[in-house]
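The values are calculated or read from the model by the stated rules, or taken from the named source; none is laboratory data. If you're wondering where the values come from, they're calculated on a predicted model, not measured in any experiment. Ideal geometry is used to build each Cβ from the backbone, glycine not excepted, and the neighbour counts take in all protein chains shown.
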């Protein structure tokens, strides 16, 4: 704004000056005409074109050609680069770009063809690959120098008028064309290249920088993917197929897996990064994987898997998993894993004579397999499912055995024993592990029967380590199987708590410290056989007192004494010292008889005690032939006869004051276990019947197959179609349901 205002003011001032005279205007006009004429002459001079000699074109090219020859032959260029660049520029400005391009192409083609011919005569040389590498280095330098001279042509003509983006691309095209058309040099070059790779794969050191340069040459020439890579991949396949076939026969499975991992690393992390184009990585990896792994996957798994998992070789298992994953063969590895778990599990569970050792071995085996799936198989869902199915398979191979030994194991941990070493927290963790294998057991009702039997013994004989420990396992079972599964066991604990309160109340009026009674609700506890027993007066007196107390407190209830479950602590005065004996009620009643007489016959013992003969025989055998020989038998053979006589062992002695005199078990556990199994099987029949009736009552009528399927889905134990069919027929015979169709192909049942 300020400048504009100044100009305006100057113009205003000039207007205010006096008008010049006529002479002054004439001089001014004359001077302006003279300046205009001079300007016209100058403009005419600038627009004029210089004259070009007829030989300028050829002379200029000769200068350029001479310089190109010097560059290509490696001799010094006599002309300055500035002059050469200006010469190219002049020809292009004279519209001679096409002429210049044609001559440059011809010159480069002749020279490159001669170079290829020269290289063809050195193919037999051991240094052929290095010669080609040196030539490639020289070629790049030459084309860079030539392009700098013809830069104006490169930027103004080639990019618009030809298929090449630069003189550099033109040189690459000519070299590629000559190599491809001549053929021998390129084939020999690839052969030499692959030969060095084979040497390195065989463990020899090579000059890999030469290979790196040649690889870049192939890439720049555009023949890497079309010419070199197929040959390289084919050679890779042949090499590894041959070597793998040899090594898998000579190496152990573990060593072969390690060699395979190293071979893949050599190809993908070493060779690719040094002298193979990185774009080949995927194809190279696929070729090596197929040649080594896929072609031999069955043999690799069969040789490597079992030794590795047996020895706990986590590293080798992890490598084997990765190899199978690479070639999509995890299913085969998973099948081998499943077979191994089943076979090993069957070996563990085959001998169930020691339930503690068996369950401990199963728990340890489960821990190992879990660790392998997590650390080696990446918690793969396929392997987790296989582990679950395999444990389910071998644990249920012998029906009901797993349920029985797990129940015994739990009993051993909850029973008060000098061998008990676990703390409460350790027991809690142990039971969590036990529950993991318990989940795989199909006959949970069988476990329940054995568990409740053992729980009853622990509670009645005072052998439980603690009520808290008992409630801990019951809580876990309740969460796993539901409230109905543990209702009776929880009732047992409630009975014991109620009995303690009742005895506390009883002893306020009857101070009998050595007398305790457990009141058992019949529906909670196992069914025990009634055993007759003639109690001595000192014990009978206590029974009568408690019976009277209980009847007065609960008038509507009736007590039944279970003598077979009673136990006593008896103090005995032997000639060699006093001892305290922990006995069953049968043993105690029998020993108390010897306060009256020194000798009894078996018949007299039977008459005095009222104990059933078989039970009486076991009782006297436990006192005569057990670890503590309190009685002497005449004759001293273990067979019991009615005429045999028994007397107190006057020479009895023991290292401890309190002794536990165990009952003679003979075959009783087997018989008891068999009875429990039979009872469970009978209960299963009732449950199947109830499920069938429940389903038909809701659905009215169903085909046979569908009825079987729905029944199986409602049961918590394994039941075959044949078992269900028998129960259907039994229900039909008892008129709970009727068969509508007699067609064997379409049996239909209806609820009555």
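Checked against the criterion of being in contact with a helix residue (DSSP H, G or I) (Cβ under 8 Å, 6 or more places away or on another chain) and modelled with pLDDT under 90, region 338-347 contains not a single residue that satisfies it. With (1) under 19 Å from residue 463 (Cα atoms); (2) at pLDDT 90 or above as the list, and residue 601 as the residue in question, which single condition is left unmet? Unmet for residue 601, out of (1) under 19 Å from residue 463 (Cα atoms); (2) at pLDDT 90 or above: (1). On the basis of being assigned to a helix (DSSP H, G or I), buried (at least 18 other Cβ atoms within 10 Å of the Cβ) and within 37 Å of the chain's Cα centre (by Cα), does residue 235 make the cut? Spelling it out, residue 235 is indeed assigned to a helix (DSSP H, G or I), buried (at least 18 other Cβ atoms within 10 Å of the Cβ) and within 37 Å of the chain's Cα centre (by Cα). Among the residues of region 112-131, the one identified as in contact (Cβ under 8 Å) with a residue 24 or more places away in the chain, within 15 Å of residue 187 (Cβ to Cβ) and either in a loop (DSSP other than H, G, I, E, B) or over 60 Å from the mean Cα position of the chain (by Cα) (or both) is 123. Which condition from (1) surrounded by 14 or more Cβ atoms within 10 Å (Cβ to Cβ); (2) in a helix (DSSP H, G or I); (3) over 19 Å from the mean Cα position of the chain (by Cα) is the one that residue 352 breaks? Tallying (1) surrounded by 14 or more Cβ atoms within 10 Å (Cβ to Cβ); (2) in a helix (DSSP H, G or I); (3) over 19 Å from the mean Cα position of the chain (by Cα), residue 352 fails exactly one: (2). The residues in region 458-476 that are assigned to a helix (DSSP H, G or I), in contact (Cβ under 8 Å) with a residue 24 or more places away in the chain and under 27 Å from residue 675 (Cβ atoms) can be counted, and the count is 5.
Of all the residues in region 594-629, those that are surrounded by 15 or more Cβ atoms within 10 Å (Cβ to Cβ), under 17 Å from residue 572 (Cα atoms) and more than 60 Å from the chain's Cα centre (by Cα) number 1. Evaluated against (1) surrounded by fewer than 20 Cβ atoms within 10 Å (Cβ to Cβ); (2) not in a helix (DSSP H, G or I), residue 283 falls short on exactly one condition, (2). Would you confirm whether or not region 437-459 contains a residue that is touching a strand residue (DSSP E or B) at 6+ places or on another chain (Cβ under 7 Å) and under 14 Å from residue 495 (Cβ atoms)? Scanning region 437-459 turns up at least one residue that is touching a strand residue (DSSP E or B) at 6+ places or on another chain (Cβ under 7 Å) and under 14 Å from residue 495 (Cβ atoms). Pick from region 414-433 the residues that are modelled with pLDDT under 90 and either in contact with a strand residue (DSSP E or B) (Cβ under 9 Å, 6 or more places away or on another chain) or not assigned by TED's automatic domain parsing to the domain that holds residue 481 (or both): which of them is nearest to residue 480 (Cα to Cα)? Of everything passing the filter in region 414-433, 415 is nearest to residue 480 (Cα to Cα).
Summed over region 106-136, residues that are closer than 18 Å to residue 171 by Cβ and touching a helix residue (DSSP H, G or I) at 6+ places or on another chain (Cβ under 7 Å) total 13. For beta carbons closer than 9 Å, sequence separation of 6+ or different chains, a first residue in region 154-171 that is at positive phi and in the same structural domain as residue 94 (by TED's automatic domain parsing) and a second that is at pLDDT 80 or above and not in a helix (DSSP H, G or I), there are no qualifying pairs.
From 295, 249, grab the single residue that is more than 24 Å from residue 367 (Cα to Cα) and crowded, with 16+ Cβ neighbours inside 10 Å. When all the criteria are applied, what remains is 295. Residues that are in a helix (DSSP H, G or I) and either in contact (Cβ under 8 Å) with a residue 40 or more places away in the chain or over 43 Å from the mean Cα position of the chain (by Cα) (or both) within region 706-725 comprise just one, 707.
Apart from one condition, residue 369 fits all of (1) touching a residue at least 40 places away in the same chain (Cβ under 8 Å); (2) crowded, with 19+ Cβ neighbours inside 10 Å; (3) assigned to a helix (DSSP H, G or I); the exception is (1). Annotation note: of 403, 386, the sole residue that is in a helix (DSSP H, G or I), under 28 Å from residue 445 (Cβ atoms) and over 14 Å from the mean Cα position of the chain (by Cα) is 403.
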